[in-house]
1. Test of understanding: among S6, S24, which residue is out of contact with any Cys (no Cβ under 6 Å at 6 or more places or on another chain), free of Cβ contacts under 8 Å to residues at least 40 places away in the same chain and of a type in the set (S, T, Y)?
2. From the residues in the range 70-96 that are open to solvent by 50 Å² or more (accessible area, probe 1.4 Å) and under 13 Å from the mean Cα position of the chain (by Cα), which one is farthest from I50 (Cα to Cα)?
3. Specify the residue that is farthest from S6 (Cα to Cα); the eligible residues are those in the range 98-112 that are over 10 Å from the mean Cα position of the chain (by Cα) and surrounded by 18 or more Cβ atoms within 10 Å (Cβ to Cβ).
4. Where in the range 5-46 are the strands (runs of 3 or more DSSP E), entirely inside, with at least 1 residues that are hydrophobic (A, V, I, L, M, F, W, C), exposed (fewer than 13 other Cβ atoms within 10 Å of the Cβ) and over 16 Å from the mean Cα position of the chain (by Cα)?
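The values are calculated or read from the model by the stated rules, or taken from the named source; none is laboratory data. If you're wondering where the values come from, they're calculated on a predicted model, not measured in any experiment. Neighbour counts run over all protein chains shown; Cβ positions are idealised from the backbone, glycine included. What goes into the accessible areas is simple: the full protein's heavy atoms, side chains included, and nothing from ligands, DNA or RNA. Shrake-Rupley method; radii C 1.70, N 1.55, O 1.52, S 1.80 Å.
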Amino acid sequence: VQLQASGGGLVQPGGSLTLSCTASGTIFSVETMRWYRQILGKPRDLVASISRGGLTHYADSAKGRFIISGDNAKDTAYLRMSNLKPEDTAIYYCNFQPRVGQDYWGEGTQVTVSS
């Protein structure tokens, strides 16, 4: 099973994007879906997470601007990003953590915020 992230692109400051992450097959009992981002040369940072029960967590930089959602029946996660800033420019990765076993990573989707 692989995760495919999509929805990245070039957007002007203040604009919006919605990222999607879909599993190529069925992952049994995904407990947590997460979005990370990584700027070249820096560590990969957690942006947002959502538990199977719907509890969400956001990095301070994402609060009030990003919304994470998930559809466990479809093994799909979303990240709605609004009021984007140049400092949001990064490669965004999705991560699914099942109840047992390894977690899964997507290959990443580039988000560039620039005028």
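1. S24
2. I91
3. Here the answer is Y104.
4. Output list reads 9-11.
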